[in-house]
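Student: Just dropping this structure here.
The values are calculated or read from the model by the stated rules, or taken from the named source; none is laboratory data. Please read all numbers here as calculations on a predicted model, not as lab measurements. As a convention, Cβ positions derive from the backbone with ideal geometry for all residues, glycine included, and neighbour counts pool all protein chains shown. All accessible areas refer to the heavy atoms of the entire protein, side chains included, with ligands and DNA or RNA removed. Shrake-Rupley method; radii C 1.70, N 1.55, O 1.52, S 1.80 Å.
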Amino acid sequence: MSASWYYMASGWLRKGRRLGPITENDLLMRIDQGKIAPDTLLQSTKTKGKWVPMNTIGPAMQRWRKLHPEEKK
């Protein structure tokens with residue numbers, strides 16, 4: 001994993017806003033911190049420029065499951 005990532009975060013008045021680019025290490029750190037959840041939309045060259053839920057990205061979900069073994073998403 002070495003792409004630049006973007007993610008959607010909640011903004012003012014419930015509007016989503018695009019944050020990034022962040023490195024893959026930053027992405028994993030934000031997953032660890034709970035800032036990015038399985039339903040958070042992510043985008044990078046690895047997703048062919050399309051917004052996809054984090055739960056469709058294998059390495060990201062592995063990291064999330066390691067920290068949240070009791071939750072099944």
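Student: Say we look at segment 22-58 and pick out the residues that are under 15 Å from Met8 (Cβ atoms) and among the small types (Gly, Ala, Ser); which of these is surrounded by the fewest Cβ atoms within 10 Å (Cβ to Cβ)?
Tutor: Gly49
Student: Examine segment 49-71 for a residue that is touching a helix residue (DSSP H, G or I) at 6+ places or on another chain (Cβ under 6 Å) and assigned to a strand (DSSP E or B), and state whether such a residue exists.
Tutor: No: segment 49-71 contains no residue that is touching a helix residue (DSSP H, G or I) at 6+ places or on another chain (Cβ under 6 Å) and assigned to a strand (DSSP E or B).
Student: Please work out which residue is nearest to Pro53 (Cα to Cα), limiting yourself to segment 5-16 and to residues that are open to solvent by 50 Å² or more (accessible area, probe 1.4 Å) and either modelled with pLDDT of 90 or more or not polar (S, T, N, Q) (or both).
Tutor: Met8
Student: Leu19 fails exactly one of the following numbered conditions: (1) under 15 Å from Ala3 (Cα atoms); (2) open to solvent by less than 30 Å² (accessible area, probe 1.4 Å). What is the number of that condition?
Tutor: With (1) under 15 Å from Ala3 (Cα atoms); (2) open to solvent by less than 30 Å² (accessible area, probe 1.4 Å) applied to Leu19, the lone miss is (2).
Student: Can you pull out every residue in segment 59-69 that is surrounded by 13 or more Cβ atoms within 10 Å (Cβ to Cβ) and aliphatic (A, V, I, L, M)?
Tutor: Passing the criteria: Ala60, Met61.
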